[in-house]
Every structure is written in C-alpha cells, then in structure tokens.
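The structure under discussion appears below in the form of structure tokens.
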Amino acid sequence: MCRSCVFKHGARRQTELNMDYNPSDHPRASTIFLSKSHNDDVIYRSVREKRKSLFTNNHGILRRKYSSCSTIFLDDNTVSQPNLKYTIKCVALAIYYHIKNRDTNGGMLLDIFDEKRHPLSKSEVPLDYNQYDPDQRQIYRFVRTLFSAAQLTSECAIVTLVYLERLLTYAEIDICPGNWKRIVLGAILLASKVWDDQAVWNVDYCQILKDITVEDMNELERQFLELLQFNINVPSSVYAKYYFDLRSLSESNNLSFPLEPLSREKAQKLEAISRLCDDKYKDLRRAARKRSASMDNLCGRRWVPAILS
C-alpha cells in the first residue's frame, strides 16, 4: 500500500474517531459551548457564586429564597418542558461564547452563510460587517423574533443548538460576526421541521424576514443538510445533556431562572403524576413477581430417596 493511501486511510480513521465523540452525537462528550464559556477571561467563580440563580435582586439587595416546610420554591423549567424565554436566553448566550471564543486561525467561510453574499435585508451591508462581535442581547433579539413569529417551542431551541454545534464540527467551520445570523437561521429552520409537529414552511420565514427569497431559504436548507451529512437524529441522552449544560451555563453567568412558590394546583399536579408513576411501577413489580414465581415452579428441586447398597 502506498504512503499516500496509508495517510488517507489514517486521516479518514481519525475523522471517524473524532465523530464518535462529537458532542452533538455522543452523550458523554462535553458540549462545545460550555468549554468555550470556560475559555473566557473571567476567573472561575466559586460554587457559591455559581448558585446566584437562587437569589433575586430586589432594589439592589440580594435576597435568597429558601424552601421551608410551608413553602417550596421551584423554577418553571424541566427537561421535558423547558421555560421558553430563559431557554432562548441560554441558547443566545451559548452562541455568544461560540462567536467570542472562536478559533481565528481555523475554519472555512462558506458562501451560503456569508451575509455579504446572501444578505437578510435590502439595507447595505457595512464593509466591517465581519469585524465586530455581536453582544448577547443582539443574538437574543434575533432568535426571539424568529421563535415568537414562528411560534416555536423551547425544545426546538435546544435542538437548534445541537444542530449548530454539529454543523461547526462536521463542516469544520467557525461561527463569526459575518455568518452567525444565517447559521442560526438554518439551524432553526431545520430544527422546527424535525422537532415540531406543525412544521413552519420556508415561505413562512420569508414573511418574517421580508427581504429574503424562498429560493435562498431552500438553498440554505439544502446545503445545511448536506453539511450535516443528513444526520438530523438527536438522541434523548444528547438532548438531556444540552439541557443540563445550558442550566450550568446560566448558573455560571448569573442568568437566573425565576423561582416561584409551589402552588396548590402545581402540587396536586405533581402528586397526580407521582401516583401514576407509582402505579406503573407497582404493575411492573407485580408482573416480575409472577414471572419469578412461575420460574420457581418450573425449576424447583425434586428430592428423591437415596438407595444405599
């Protein structure tokens, strides 16, 4: 085998090994946005400071909400039903760290994501459009506008972040000031079609972004899928990992989820859900006992008298 063939085989093998531990595919691989947030210049906060999400700011005074026997404080955010507003804020923060701590020496700039070649509005794109990083609020407003107009769910926001990181790793590109809007738009477009039962058509996004054409949206979707190698599967373990890493990101950046006292209605709902789960497990345990009893009958020992000569 020639040296070039060995090199190509080794490179392909190395790519396959890297894909095995891709965070958007592998549940045990650390998410990219969380590692990039740790690369920030801010010194790591202590555990006490990371948990400032349990505090509320009331006229400049930090007051902690403690649970007691009479009052329990919970946030309206679960892995199955994330809070829409705060999930979008966390996703916008993750995209912000992707842009801020990007690898300036690596990654290609693909034409389909370049806002200079494919502008989202008819207004003239400034010459320095690729020089200044957007702040978190600008990213949040862009994502919130699309989610509000298309009536997308909070789960779709998490899947959007999964597709975004999968694109960056599969295509070996970086998200930067000149392409972040179209990358985010493509990820939202794909996530809404895969995740939501009532998908938003490409022509609907043209109603939200008035100056973009259907042909441009179709081409954006097609190339996005090709760069993902048509891998749009998001395992539940990967989804849960991104959800909890977004919560960790919010805590380390003092992006608090609102804590509210547990009301009587919510308590009754939780009790009903717990009762259903308990009944389900009781049925499973009862069925397991029946199976074990039948096996005992089949496999029981039979004692016979010994014959001594």
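Data table
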quantity: Tally, over segment 234-283, of residues that are modelled with pLDDT of 80 or more and of a type in the set (Phe, Trp, Tyr); calculated: 4
quantity: Filter result (within 18 Å of VAL159 (Cα to Cα) and open to solvent by less than 30 Å² (accessible area, probe 1.4 Å)) within segment 20-39; calculated: ASN22, PRO23, SER24, ALA29, THR31, PHE33, LEU34
quantity: Lone qualifier among LEU220, LEU255 - being among the aliphatic types (A, V, I, L, M), surrounded by 17 or more Cβ atoms within 10 Å (Cβ to Cβ), in contact with a Gly (Cβ under 6 Å, 6 or more places away or on another chain) and touching a residue at least 12 places away in the same chain (Cβ under 8 Å); calculated: LEU220
quantity: Test result for SER192, assigned to a helix (DSSP H, G or I), free of Cβ contacts under 8 Å to residues at least 12 places away in the same chain and under 27 Å from LEU34 (Cα atoms); calculated: no
quantity: Of all residues in segment 77-110 being open to solvent by 90 Å² or more (accessible area, probe 1.4 Å) and either modelled with pLDDT of 90 or more or touching a helix residue (DSSP H, G or I) at 6+ places or on another chain (Cβ under 9 Å) (or both), the one that is farthest from LEU220 (Cα to Cα); calculated: GLN81
quantity: Number of positions in segment 175-201 that are over 20 Å from ASP114 (Cβ atoms) and crowded, with 22+ Cβ neighbours inside 10 Å; calculated: 2
quantity: Single condition GLU172 does not satisfy, out of (1) surrounded by fewer than 16 Cβ atoms within 10 Å (Cβ to Cβ); (2) of a type in the set (D, E, K, R); (3) under 22 Å from ASP197 (Cβ atoms); calculated: (3)
quantity: Exclusive hit being at pLDDT 95 or above, of a type outside the set (A, V, I, L, M, F, W, C) and closer than 27 Å to SER236 by Cβ, set GLU165, GLU155; calculated: GLU165
quantity: Given (1) free of Cβ contacts under 8 Å to residues at least 40 places away in the same chain; (2) among the polar types (S, T, N, Q); (3) under 24 Å from TYR97 (Cβ atoms), index of the condition ASN179 fails; calculated: (1)
quantity: Identity of the residue in segment 112-161, touching a Ser or Thr at 6+ places or on another chain (Cβ under 7 Å) and closer than 26 Å to VAL214 by Cβ, that ends up surrounded by the most Cβ atoms within 10 Å (Cβ to Cβ); calculated: ALA157
quantity: Yes/no for VAL238 being in a helix (DSSP H, G or I) and open to solvent by 60 Å² or more (accessible area, probe 1.4 Å); calculated: no
quantity: GLN223 vs. criteria in contact with a helix residue (DSSP H, G or I) (Cβ under 6 Å, 6 or more places away or on another chain) and among the polar types (S, T, N, Q); calculated: yes
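Okay, residues lined up against (1) β-branched (Val, Ile, Thr); (2) within 21 Å of SER80 (Cβ to Cβ):
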| site | (1), (2) |
| --- | --- |
| GLY178 | no, no |
| VAL184 | yes, no |
| ALA187 | no, no |
| TRP201 | no, no |
| TYR205 | no, no |
| THR213 | yes, no |
| GLU219 | no, no |
| ASN233 | no, yes |
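The values are calculated or read from the model by the stated rules, or taken from the named source; none is laboratory data. Since this is a predicted model, take the numbers as computed values, not measurements. Glycine also receives a Cβ, built like all others from the backbone with ideal geometry; neighbour counts cover every protein chain displayed. Please note that ligands, DNA and RNA were not included when accessible areas were found on the heavy atoms of the full protein model with its side chains. Shrake-Rupley method; radii C 1.70, N 1.55, O 1.52, S 1.80 Å.
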